[in-house]
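Just below is one structure, and these are the notes that go with it.
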Amino acid sequence: MRIWKLIETKDIFLNMTIPDKDAIIRYIAETCKNHGIVADQELLYQGLQQREQTMSTGIGNGIAIPHTTNPEASQPTVIFIHLKKPVDFESIDNRPVDIIVAIVIPDEQINLHLQILARISRLCSKPDFLESIRCANSPESLHDIIREMEEKLVNY
């Protein structure tokens, strides 16, 4: 399983202006509906919000990984958002977030959900990865960066 194979360039959004955490979660749910991943946008929104209420997915260093399983998700999906202006995400380090990597997985693929979450967390722990993705100027270049960095990670 490779993260870069789950991310489509249509699911990469750069230099976005989204005002707050709730609007980001709504944007993720709306994107999944618009891309045919889920039919019920509100159900997905509620699942993501419930996860955030349990514990913030802001993992530090300006990164948040909102994630949930969903009974009607048609396929595993990873959505990448880079914000122009960081927003408060109640992160563990209290820093605002500018990188959001959202994960939506069908309910029956819980093991894949955990594998993807672990892989993204590991990638995001690498300072050179974070610097590179923050400098990406197109969805295609960001996708290439993720692929290259993930292959390095796997081959070590």
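What follows draws every value from the coordinates through simple rules; no lab data is involved. These numbers come from a predicted model, not from an experiment. Backbone-built Cβ (ideal geometry, glycine too); neighbour counts: all protein chains shown.
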*Quick one: work out the % antiparallel among DSSP beta bridges in the range 3-155, nearest 5.*
50
*asked:* With unit charges on the beta carbons (Lys and Arg positive, Asp and Glu negative) and the dipole taken about the Cα centre of the chain, which residue among Met149, Val78, Ile37 sits farthest to the positive side?
replied: Met149
*Using helices alone, what [θ] at 222 nm do you get for the chain, with -39,500 (n - 2.57) per DSSP H run of 4 or more residues, divided over all residues and rounded to the nearest 500?*
-14500 deg cm²/dmol
*Cα gyration tensor, the range 85-156 - rounded (a/c under 1.5), prolate or oblate*: oblate
_Please check: in the Gaussian network model of the chain (C-alpha springs, under 10 Å), which one of Ile28, Ile79, Ile92 has the largest mean-square fluctuation._
Ile92
_Amide H of Phe13 versus every other amide H placed in the peptide plane: which residues, excluding those fewer than 5 positions away on the same chain, fall under 5 Å?_
Phe80, Ile81, His82
_Rounded, prolate or oblate for the chain? Axes are the square roots of the Cα gyration tensor eigenvalues, ordered a ≥ b ≥ c, and the cut-off for rounded is a/c under 1.5._
rounded
*Under the Karplus relation 6.51 cos²θ - 1.76 cosθ + 1.60, θ = phi - 60°, what is the ordered set of whole-Hz ³J(HN,Hα) values for the range 49-60, x standing for Gly and Pro?*
5, 4, 4, 5, 6, 5, 6, 4, 8, x, 8, x
_Run the count for the chain, please: Lys pairs, Cα-Cα under 18 angstrom, 8 or more apart or on different chains._
5
*If you line up the Cα atoms of the range 2-86 on their principal axes, what length do they span on each, largest first, in Å?*
31, 29, 24
_Under-5 Å amide H pairs with Ile18, H placed in peptide plane, nonlocal only_ = Lys84, Lys85
*Give, as a single signed number, the net charge of other residues whose beta carbon lies under 11 Å from the beta carbon of Arg147, with Lys and Arg counted +1 and Asp and Glu -1.*
-2
